[in-house]
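Trainee: Before we start, here is the structure in question, set down as structure tokens.
Throughout, read-outs are computed from the coordinates displayed, never taken from laboratory work. Predicted, not measured: the structure shown is a model, and the values here were computed from it. Cβ: placed from backbone, ideal geometry, glycine included. Neighbour counts: every protein chain shown.
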Amino acid sequence: MTDTHDDTPPDLEGVGADERRKRIDKVARLRADGHDPYPVRFDRSHTCAELHAGFGSLEPGAETTEVARIAGRILLRRDQGKLVFATVRDGTASVQLFVSKSVVGDDAFAAFGDLDLGDWVGVEGVVMKTRKGELSIKVAHAQLLAKSLRPMPDKWHGLADVDMRYRRRYVDLIANDESRRVFEIRFGAIAAIRAFLAERGFVEVETPVLQPIAGGATARPFMTHHNALDMEFALRIAPELYLKRLIVGGFEKVYEIGRVFRNEGVSTRHNPEFTMFELYQAFVDYHDIAVLTEEIIAAAALATIGTTVVDWDGRAIDLTPPLRRATLLDLVREHAGLDLHPSQPIESLRAHCDALEIPYEQVWGTGKLILEIYEKTTEHALIDPTFVMGYPREVSPFARAHRDDDTLSERWELIVAGRELGNAFSELNDPIDQRHRFEDQARLKHLGDDEAQAMDEDYVRALEYGLPPTGGVGFGIDRLVMLLAGVTSIRDVVLFPHLRPERYADDRVREDGAGGE
């Protein structure tokens, strides 16, 4: 039963509130006349896309004998005396309804005329094309499937308020074709990655979201209490260490696409909850993983936008393999004119940081200082896709030491448009070395580094059973979709991004307030 008492929501006033009251009154009249405004089901014969596929080639003015049943939301309507033209859209496409009073009768025509924009309707009728070439259903029967109590955004301007688009994504998807395009790219990219990996024998797995030790990345976790075990758990910041346990267990090709959580800032590039892709393969190194990664990205691009050249802020970026490879130290020399190496005296690196106005902690070693210099002077300038190779060992606790220089690591980050897209290692599989790395991280944590890795005894124990040579990569699905869709805010590619609440004038918390960056 629907309560028709007019309790106007605090976010509606004026015309919007009046329109909602009118629609609630329509619901009451329908019920009084014995009609259910929210029926339980409707049997379709076609989606709108299937109609276009089957009948799109009809000549203008042609009428078939094919009877179709479709359902969709009413987005547009034009009343022309004894005729009504309405556009409905389902989850696949849009189709026009041609409603004639002479066909449906007076009562049904009046009932259709009482429908509002935003209402869901199911119709039955023959397939036709108007003289103007519009594929249509000549309606014989129509049924209200769900009454929309709130008015739709203006058809020409859509839902223009950016904060409102993020907070009311359900309306944004109704009103804005661009938003639907972005999320179709997102869903298509994930499907393409899965298909690509399935063809190559990778197994998709699931690892714990609640972890007793948050590991696999340098980030501050969200913490929660597990009542049954009376233990503190962290929402995972990465699935890495569990995926590598599976390589130890004998799975040679594994990956996971799932949510990870980092209790850090919100910006156009960061959402505390985001989707991570991580992959591990036995018997390969970070060079092999670079080839695999660029192939995955190219496959996702081709499947979703039909090309490997993307438009990013007015600039064409080519994702066609092979992508550029360059060492971090060479890139700093190229962009900042500095010759750096982790073996240098720490005082000289601190002097560079002072000259560049880069703040640093006294506990940082030479590798961390070099990373800070690179991020300040170089990373943002790497617009074309570049695999940045050879990060300092100090800042890569899960990557094996570089085979030619043990002050560096076999690690790369893929930088596109000045942003990190992916991070990969030849995985550290020496349990003794890994224990020493954990101990180094523990000392940093004791000195106040909240993002340092905690000791994970079970992971070291797993390595002691033997991790074969392994390469691995992780990258954010959200940032990949931003690149493919050509959008600059992560909120545009996350269906329901994190936002601050706002208060109404009467001091009640509202769901659609401004969110901080």
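Trainee: Evaluate the relative contact order of region 226-307 (contact order divided by residue number), counting alpha-carbon pairs under 8 angstrom at least 6 apart; express in whole percent.
Mentor: Relative contact order comes out at 25 percent.
Trainee: Using only the C-alpha atoms of region 395-468, find the volume of their convex hull and express it per residue in Å³.
Mentor: On the way: hull volume 8.6 nm³, N = 74.
Dividing the Cα hull volume of region 395-468 by its residue count gives 116 Å³.
Trainee: Could you state, as a whole-number percent, how many of the C-alpha pairs of region 104-249 are farther apart than 18 Å? The partial results should precede the final answer.
Mentor: Values: 8202 of 10585 pairs.
Above the 18 Å cut-off, region 104-249 has 77 percent of its Cα pairs.
Trainee: Another question, then. Counting alpha carbon pairs within less than 8 Å and at least 6 residues apart, what relative contact order, in whole percent, applies to region 343-416? Please list the in-between numbers first.
Mentor: On the way: 96 pairs, mean separation 20.0, N = 74.
That works out to 27 percent.
Trainee: How many percent of the alpha carbon pairs in the chain exceed a separation of 30 Å?
Mentor: In whole percent, the share of Cα-Cα pairs in the chain beyond 30 Å is 60.
Trainee: I would also like to ask the following. Relative contact order of the chain: what whole-number percent is it, with Cα pairs under 8 angstrom and at least 6 residues apart?
Mentor: 13 percent
Trainee: Can you give the % of DSSP beta bridges in the chain that are antiparallel, to the nearest 5?
Mentor: 90 percent
Trainee: Moving to a separate point now. Hey, got a sec? Which GluC sites (Glu not before Pro) in region 333-389 land in a DSSP loop and have at most 10 other Cβ atoms within 10 Å?
Mentor: E357
Trainee: Determine the alpha carbon to alpha carbon distance for each of K22/K147; K253/K445; K26/K132 and list only those over 22 Å.
Mentor: K253/K445; K26/K132
Trainee: Let me ask something else. How many angstrom lie between the C-alpha centres of region 45-98 and region 203-223?
Mentor: Each part's Cα centre sits 48 Å from the other's.
Trainee: Going out from 0 in 10 Å bins, what whole percent of all Cα-Cα distances in region 280-401 drops into each bin?
Mentor: 12, 35, 30, 20, 4, 0
Trainee: Here is a follow-up. Once you have the Cα-Cα distance between T268 and M223, take 0.36 nm times their residue separation minus that, and quote the gain in nm to one decimal. Mind showing how you got there, number by number?
Mentor: On the way: separation 45, 0.36 × 45 = 16.20 nm, distance 2.42 nm.
Gain in length upon complete extension: 13.8 nm.
Trainee: Name the residue from T8, S57, V88 whose Cα lies farthest towards the positive end of the charge dipole of region 1-89, charges +1 on Cβ of Lys and Arg and -1 on Cβ of Asp and Glu.
Mentor: Result: S57.
Trainee: Kindly provide the Kirkwood hydrodynamic radius of region 347-492 in Å, to one decimal, from all pairs of distinct alpha carbon atoms. Kindly include the intermediate steps, with their values, before the conclusion.
Mentor: Details: mean 1/r = 0.0592 Å⁻¹.
Its Kirkwood hydrodynamic radius stands at 16.9 Å.
Trainee: State, to one decimal in nm², a quarter of the convex hull surface area for the C-alpha atoms of region 15-146, i.e. the direction-averaged projected area.
Mentor: Result: a mean projected hull area of 8.4 nm².
Trainee: Something else: Could you tell me the largest-minus-smallest coordinate of the C-alpha atoms of region 131-186 on each of the three principal axes, in descending order and whole angstroms?
Mentor: Sorted largest first, the three principal extents are 41, 28, 23 Å.
Trainee: Counting Lys +1, Arg +1, Asp -1, Glu -1, what net charge surrounds A108 among other residues with beta carbon under 12 Å of its beta carbon?
Mentor: Net local charge, A108 excluded: -3.
Trainee: Tell me the trypsin sites (Lys or Arg not before Pro) within region 9-74 that lie in a loop according to DSSP and have at most 13 other beta-carbon atoms within 10 Å.
Mentor: Those that pass, being in a loop and sparsely packed, are R41.
Trainee: On to the next question. Can you pull the one-decimal nm distance between simple spin-label points at E19 and S45, each 7 Å off the Cα toward Cβ?
Mentor: If labels sit at E19 and S45, their model points lie 3.4 nm apart.
Trainee: Take the Cα atoms of region 154-205, find their three principal axes, and give me the spread along each one in whole Å, biggest first.
Mentor: If we take the Cα atoms of region 154-205, the spans are 49, 19, 13 Å.
Trainee: Ok, one more. Using the count of nearby Cβ atoms within 10 Å as a rough guide to exposure, how do F109, F277, F496 rank from fewest to most? Please list the in-between numbers first.
Mentor: Details: F109 20, F277 23, F496 12.
Lowest to highest Cβ neighbour count: F496, F109, F277.
Trainee: Given a Förster radius of 22 Å and the C-beta distance between S94 and L12 as r, what FRET efficiency does 1/(1 + (r/R0)^6) yield to the nearest 0.05?
Mentor: On the way: r = 28 Å, r/R0 = 1.26.
After rounding to 0.05, the efficiency reads 0.20.
Trainee: If you don't mind, another one. Quick one, can you get me the convex hull of the C-alpha atoms of region 232-287 expressed as volume per residue in Å³?
Mentor: Considering the Cα atoms of region 232-287, their hull volume per residue is 103 Å³.
Trainee: If you don't mind, another one. How much FRET efficiency would the formula 1/(1 + (r/R0)^6) give for M164 and D339, where r is the Cβ-Cβ distance and R0 is 41 Å, rounded to 0.05?
Mentor: 0.20
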